[in-house]
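S.K.: Submitted below is the structure of interest, expressed as structure tokens.
The values are calculated or read from the model by the stated rules, or taken from the named source; none is laboratory data. Keep in mind it's a predicted model, so treat the numbers as computed, not measured. Every residue, glycine as well, gets a Cβ built from its backbone with ideal geometry; the counts of neighbours run over all protein chains shown.
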């Protein structure tokens, strides 16, 4: 039971709104010390247990450096933004006229989910697609429909764009048989002495994928109306009549 | 052969550039902390393999201390409202979609052609190809748009500073997961959950499994950490062995119940905090920022649907 102190620290840090990074490190070291304590280590050796845990944490930290490879795209995206990419994406949509934020994001949801289901998860993502292209396009679509939009509506559109990328990815990628979560499931069940077929697992991700598309898609269809109300609400802006 | 170590080399050079630019930026509000933070990250990328466990642990301690005292901070660069040198739209469009397309085509080529298998390591292939695609497209961009030589480092730093300390979150959570694994935390949580609930009907057991997946994912920021714990505690002994559920269906839907948790937690920083930072949301530092609030209604409905789907499909 003592080893649960780490989870307790993480939850407490979250509740106290502390920065999560120090909380995680403290939680990890506390867990390692607690595990040593409950395995009967004398109290005098606890500093060594803390250092051992720090070393274990450091090794795992080093093994997981690959998360940073995504950031290699930032210099390119920054350059393209400086050269006017976001404005271009916005005017393209504004000129087409027919797009609304909801309809645009619904198409993006379909494309993101569909390509992820084929294993093409790197076709989307927040630094690659959402910030430079999709979010400016959704904002441009809203401005084409509603004219200048208040800031709170703008931030709502951006949030919904990021949400749509995540939902499309999460409930699409599990249909692809070579994705990490399926590998994990097959491997874990193998260890438990149960053979499950990767293809079988991936097929049973389809019902949830359909539900996810219907649920989030329906919210996107309602999103346009909510935005219209927000934009015509005179409360946040001066000098506009409903 | 190109391996993931080459990508780390590239990252090391990039972070070193961010660090030097920060140290030479007199207008930066956290000049030393910022320079040190990106510098240490460069050290991790370039020499992490040589530092050993404790060396890396001390490096993490230093990084976390910088964050705790207010680093790494962000430079005061002019806002990005007007494009400095507007380039033709078609060039920008080509360059913008080049990296995702190169990554997909390159990964397929690396995995399915003899040449590709010789050139690119079969471990972490997609990430290696992604790094390669970024480098090639950046070179193309420099030749085509002819920005000043230091512009990529300057612009990359602007975006990286926007992401800030959240860039370390996935790596920190993975390391926390490793410590939890070594300390047997998963088994203790599993025992606790299975002894706290009377899992004597199929519906209650399915509900506890799915909610447990979502809740533990919310705490750990990652469904991969929750899956072994909850599946060993509830799915294997109760749902599969006792009630005869189909293992493939139980596991597939259980994992997706965990994904619903990922959509609702700031711990899943790369999905929920990084975009809030990248999109400049005013509430990005709040526990439940705009991205999480936009996702939560969909996530809750999908979670309930997962419980019902598992109940009706798996038995």
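S.K.: Kindly establish whether residue A:135 is in contact with a helix residue (DSSP H, G or I) (Cβ under 6 Å, 6 or more places away or on another chain), more than 7 Å from chain B (Cβ to nearest Cβ) and without any contact (Cβ under 8 Å) to a residue 60 or more places away in the chain.
M.R.: No; evaluated as a whole, the condition is false for this residue.
S.K.: Determine, yes or no, whether residue B:170 is modelled with pLDDT under 85 and in a helix (DSSP H, G or I). Lay out the reasoning, then the answer.
M.R.: On the way: modelled with pLDDT under 85: yes; in a helix (DSSP H, G or I): yes.
Yes, satisfied.
S.K.: A further question on this structure: Looking only at residues that are touching a helix residue (DSSP H, G or I) at 6+ places or on another chain (Cβ under 6 Å) and either modelled with pLDDT under 85 or more than 8 Å from chain A (Cβ to nearest Cβ) (or both) in the range B:129-143, which one is nearest to residue B:75 (Cα to Cα)? Before the answer, list the steps.
M.R.: Within the range B:129-143, the subset touching a helix residue (DSSP H, G or I) at 6+ places or on another chain (Cβ under 6 Å) is B:129-131, B:133-134, B:137-138, B:141.
If we keep only those that are either modelled with pLDDT under 85 or more than 8 Å from chain A (Cβ to nearest Cβ) (or both) as well, we get B:129, B:133.
Numbers: B:129: 31, B:133: 28 Å.
For the range B:129-143, the residue satisfying everything is B:133.
S.K.: Buried (at least 20 other Cβ atoms within 10 Å of the Cβ), facing chain B (nearest Cβ under 9 Å), closer than 22 Å to residue A:55 by Cα and at pLDDT below 90: is that true of residue A:3 in this structure?
M.R.: Values: buried (at least 20 other Cβ atoms within 10 Å of the Cβ): yes; facing chain B (nearest Cβ under 9 Å): yes; closer than 22 Å to residue A:55 by Cα: yes; at pLDDT below 90: yes.
Against the criterion (buried (at least 20 other Cβ atoms within 10 Å of the Cβ), facing chain B (nearest Cβ under 9 Å), closer than 22 Å to residue A:55 by Cα and at pLDDT below 90), residue A:3 qualifies.
S.K.: Scan the range B:220-239 and tell me whether some residue there is farther than 22 Å from residue A:191 by Cα, touching a residue at least 12 places away in the same chain (Cβ under 8 Å) and surrounded by 24 or more Cβ atoms within 10 Å (Cβ to Cβ).
M.R.: Yes - at least one qualifying residue is present in the range B:220-239.
S.K.: So for the range B:83-99 (the condition being more than 7 Å from chain A (Cβ to nearest Cβ), touching a residue at least 12 places away in the same chain (Cβ under 8 Å), within 24 Å of the chain's Cα centre (by Cα) and more than 29 Å from residue B:30 (Cα to Cα)), does at least one residue qualify? Steps first, answer last, please.
M.R.: If we filter the range B:83-99 for residues that are more than 7 Å from chain A (Cβ to nearest Cβ), which is where we start, we get B:88, B:90-91, B:93-94, B:97-98.
Restricting the remaining residues to those that are touching a residue at least 12 places away in the same chain (Cβ under 8 Å) gives B:91, B:98.
Subsequent filtering for residues that are within 24 Å of the chain's Cα centre (by Cα) retains B:98.
When the remaining residues are screened for being more than 29 Å from residue B:30 (Cα to Cα), the result is B:98.
Yes - at least one qualifying residue is present in the range B:83-99.
S.K.: Right, another one. What's the total number of residues in the range B:257-295 that are surrounded by fewer than 17 Cβ atoms within 10 Å (Cβ to Cβ), without any contact (Cβ under 8 Å) to a residue 60 or more places away in the chain, within 16 Å of residue A:160 (Cα to Cα) and facing chain A (nearest Cβ under 9 Å)?
M.R.: 3
S.K.: Let me ask you something else. Which is at pLDDT below 85, in a helix (DSSP H, G or I) and more than 22 Å from residue B:4 (Cβ to Cβ), of B:91, B:117? Give the derivation first.
M.R.: Values: B:117 fails: more than 22 Å from residue B:4 (Cβ to Cβ).
Answer to the check: B:91.
S.K.: Another question, if that's okay. Just checking: which of the helices (runs of 4 or more DSSP H) contained wholly in the range B:268-315 hold 1 or more residues that are in the same structural domain as residue B:210 (by TED's automatic domain parsing) and under 15 Å from residue A:219 (Cβ atoms)?
M.R.: Helices (runs of 4 or more DSSP H) meeting the threshold: B:290-313.
S.K.: Could you list, in sequence order, the residues of the range A:98-128 that are more than 7 Å from every other protein chain (Cβ to nearest Cβ) and closer than 19 Å to residue B:93 by Cβ? Even if it seems obvious, please write down each step before you answer.
M.R.: Restricting attention to the range A:98-128, the residues satisfying the condition of being more than 7 Å from every other protein chain (Cβ to nearest Cβ) are A:98-119, A:121, A:124-125.
Scanning the range A:98-128 gives A:99, A:104, A:107, A:108, A:111, A:112, A:115, A:124, A:125.
S.K.: What number goes with the only condition from (1) buried (at least 20 other Cβ atoms within 10 Å of the Cβ); (2) under 20 Å from residue B:173 (Cβ atoms) that residue B:15 does not pass?
M.R.: Of everything listed in (1) buried (at least 20 other Cβ atoms within 10 Å of the Cβ); (2) under 20 Å from residue B:173 (Cβ atoms), residue B:15 misses just condition (2).
S.K.: Specify the residue that is nearest to residue B:115 (Cα to Cα); the eligible residues are those in the range B:18-36 that are in contact (Cβ under 8 Å) with a residue 60 or more places away in the chain and either surrounded by 21 or more Cβ atoms within 10 Å (Cβ to Cβ) or under 25 Å from the mean Cα position of the chain (by Cα) (or both).
M.R.: Going through the range B:18-36, the residues in contact (Cβ under 8 Å) with a residue 60 or more places away in the chain turn out to be B:18, B:21-22, B:34.
Keeping just the survivors that are either surrounded by 21 or more Cβ atoms within 10 Å (Cβ to Cβ) or under 25 Å from the mean Cα position of the chain (by Cα) (or both) gives B:18, B:22, B:34.
Working: B:18: 35, B:22: 41, B:34: 42 Å.
The selected residue is B:18.
S.K.: Just to check your reading of the model, which residue among A:89, A:55 is more than 7 Å from chain B (Cβ to nearest Cβ) and either within 22 Å of residue A:217 (Cβ to Cβ) or touching a helix residue (DSSP H, G or I) at 6+ places or on another chain (Cβ under 9 Å) (or both)?
M.R.: On the way: A:55 fails: more than 7 Å from chain B (Cβ to nearest Cβ).
Exactly one residue qualifies, and that residue is A:89.
S.K.: Of (1) within 27 Å of residue B:18 (Cβ to Cβ); (2) not assigned by TED's automatic domain parsing to the domain that holds residue A:209, residue A:53 satisfies all except one. Which?
M.R.: Exception for residue A:53: condition (1).
S.K.: Take the residues in the range B:193-217 that are without any contact (Cβ under 8 Å) to a residue 40 or more places away in the chain and part of a helix (DSSP H, G or I), then tell me which one is surrounded by the most Cβ atoms within 10 Å (Cβ to Cβ).
M.R.: B:212
S.K.: Now for a different question. Answer yes if at least one residue in the range A:184-201 is in contact (Cβ under 8 Å) with a residue 60 or more places away in the chain, on the phi < 0 side of the Ramachandran plot and over 14 Å from the mean Cα position of the chain (by Cα), and no otherwise.
M.R.: Narrowing the range A:184-201 to residues in contact (Cβ under 8 Å) with a residue 60 or more places away in the chain: none.
The answer is no; no qualifying residue exists.
S.K.: Report yes if some residue within the range B:170-192 is more than 7 Å from every other protein chain (Cβ to nearest Cβ) and without any contact (Cβ under 8 Å) to a residue 40 or more places away in the chain; otherwise report no.
M.R.: Within the range B:170-192, one or more residues are more than 7 Å from every other protein chain (Cβ to nearest Cβ) and without any contact (Cβ under 8 Å) to a residue 40 or more places away in the chain.
Yes/no per residue for (1) under 30 Å from residue B:63 (Cβ atoms); (2) at the interface with chain A (Cβ under 7 Å from one of its Cβ atoms):
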{"residue": "B:103", "(1), (2)": "yes, yes"}
{"residue": "B:114", "(1), (2)": "no, no"}
{"residue": "B:123", "(1), (2)": "yes, no"}
{"residue": "B:162", "(1), (2)": "yes, no"}
